[in-house]
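Heads up, the thing below is written out as structure tokens.
The values are calculated or read from the model by the stated rules, or taken from the named source; none is laboratory data. Source: prediction; values computed, not measured. Virtual Cβ from ideal backbone geometry, glycine too; neighbours counted across all protein chains shown.
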Amino acid sequence: MALSGLCPDCQGTFWVRVETQRGTAAKRCHCYREELQTARYLECGLPTRIAHLTFDNFSAGDYFKERKKYNTLTAAMNKAKRFAESFPICKRKGLLFHGGPTTEMTHLAVATLKLFIDKGLSCMFCDYQMLLDTLLERSQPEASIAGASKALAQRIRDVDVLLIDSLGEHRPSRWTIDTISQIIKRRYYSEQCLLVTTALPLKEDPRGSPEASQEMRAYSPLHDALGDRIGDESVHRILDHCEGISMAVPAPGHAVGGKLRR
């Protein structure tokens, strides 16, 4: 009987017995590679709770019950997967997930990041607020030589692929806008890959517009657009640098091109 939580084949030793022509030999268990892969995902900063997210376990919902949502999310997933598979032989150098629920945008961004890790690229996951909190410690005189924050700043500069989750989630200070502007500007001019998720509208608050999606009305916090939180210049760079993936589900019966869409 296998112990609870351990691989039933090796009992957590990562070795199994195999019979060869020369007798019994030891061989790495299949779970060893899986364990190494999981460790690589965690090393890039992926929180344990979302480290398991992949394209394979992404759910676009029920096609028969929510056809528009299913089609929108499936198209978003396919677009993200194609980008990850073709990178770096592609025109754009990043992805911007916007317009949908944060959990689903984060799922696709993490799945994309993991494909990059599997390709052997150095990757880093950053929650927007945690990123700023750590870098702010580095900006304080008494913590100017803090090793952890210095290491974080260095990784942000050098990593092949940077994922910033929930960009613009909190109201900014001048320091916040300047800091995120430096990060985005560096990746823009160096053509380093950038993955971004944001629940904020890219332009003005869409909730008063008849063409606004249900998802954007539901998930856009307050009335701010992304430019209000990180600066219009940074938004322009992201839009030029990244391929946009809208996960906004069209509202039923809204007008498009002068015709009522049903």
- Could you list, in sequence order, the residues of the stretch 58-83 that are closer than 18 Å to Phe97 by Cβ, without any contact (Cβ under 8 Å) to a residue 60 or more places away in the chain and not in a loop (DSSP other than H, G, I, E, B)? Tyr70, Asn71, Thr74, Ala75, Met77, Asn78, Lys81, Arg82
- Query: Does Thr106 satisfy the criteria of being within 13 Å of Leu194 (Cβ to Cβ), within 15 Å of the chain's Cα centre (by Cα), at pLDDT 95 or above and outside any strand (DSSP E or B)?
  - Reply: no
- Task: Return yes or no: is Phe55 surrounded by 15 or more Cβ atoms within 10 Å (Cβ to Cβ), touching a Gly at 6+ places or on another chain (Cβ under 9 Å) and either on the phi < 0 side of the Ramachandran plot or assigned to a helix (DSSP H, G or I) (or both)?
- Result: no
- Could you list all residues from the stretch 178-205 that are surrounded by fewer than 24 Cβ atoms within 10 Å (Cβ to Cβ), of a type in the set (A, V, I, L, M, F, W, C) and within 17 Å of Gln129 (Cβ to Cβ)? Ile180, Ile183, Ala199
- Note on the structure: Within the stretch 86-103, the residues that are closer than 22 Å to Ala199 by Cα and surrounded by 15 or more Cβ atoms within 10 Å (Cβ to Cβ) are Arg92, Lys93, Gly94, Leu95, Leu96, Phe97, His98, Gly99, Gly100, Pro101, Thr102
- Ser122: passes all of (1) among the polar types (S, T, N, Q); (2) surrounded by 15 or more Cβ atoms within 10 Å (Cβ to Cβ); (3) touching a residue at least 12 places away in the same chain (Cβ under 8 Å) but (2)
- Task: Give me a count of the residues in the stretch 174-194 that are out of contact with any Leu (no Cβ under 9 Å at 6 or more places or on another chain) and in a loop (DSSP other than H, G, I, E, B).
- Result: 1
- Item | Within the stretch 58-85, considering residues that are small (Gly, Ala, Ser) and farther than 21 Å from Ile164 by Cα, the one surrounded by the fewest Cβ atoms within 10 Å (Cβ to Cβ) | Ser59
- Residue selected from the stretch 219-262 under the condition of a type in the set (D, E, K, R) and closer than 28 Å to Gly61 by Cα, by the criterion modelled with the lowest pLDDT: Arg262
- Starting from the stretch 171-195, take each residue that is under 12 Å from Ile230 (Cβ atoms) and list its partners that are among the small types (Gly, Ala, Ser) and crowded, with 17+ Cβ neighbours inside 10 Å, counting only C-beta distances under 8 angstrom and pairs at least six apart or across chains. Ile177/Gly231; Ile177/Ser234; Ile180/Gly231; Ile180/Ser234; Ser181/Gly231; Ser181/Ser234; Ile184/Ser234; Lys185/Ser234
- Does Gly100 satisfy the condition of being at negative phi, under 16 Å from the mean Cα position of the chain (by Cα) and modelled with pLDDT under 95? yes
- Examine the stretch 14-27 for a residue that is more than 18 Å from Thr198 (Cα to Cα), not charged (D, E, K, R) and not in a strand (DSSP E or B), and state whether such a residue exists. yes
